[in-house]
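Here the structure is laid out as structure tokens; the discussion comes afterwards.
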Amino acid sequence: MEEVPIELNKGALSMATNPPKGDNHRNGAVRDRSQTFNPQNERWVKRDSDTGRFMDQKADPAPFIGVRKEK
């Protein structure tokens, strides 16, 4: 039986990614935004870190995904 050489491509030894590329999928957290909890209506509110203005509010009580929380 003949031995077949194994060829490794450059991507085989690199870190894992979330393919396919270019599918409008974000890797990592959103920058320049934060979220805070509004106890009056029990919703999460997204805020622009540069201007401090509120951008969006969640319709359900779960926090935004991928947006850091304010302390």
Between residues in the stretch 18-37 that are at positive phi and residues that are at pLDDT 75 or above and of a type outside the set (Asp, Glu), which pairs lie under 7 Å by C-beta distance while being six or more apart or on different chains?
Asp32/Ser49
Check every one of the strands (runs of 3 or more DSSP E) wholly within the stretch 26-68 and list those with 3 or more residues that are basic (Lys, Arg) and surrounded by 14 or more Cβ atoms within 10 Å (Cβ to Cβ).
43-48
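The values are calculated or read from the model by the stated rules, or taken from the named source; none is laboratory data. Because the structure is predicted, anything quoted here is derived from the model rather than measured. As a convention, Cβ positions derive from the backbone with ideal geometry for all residues, glycine included, and neighbour counts pool all protein chains shown.
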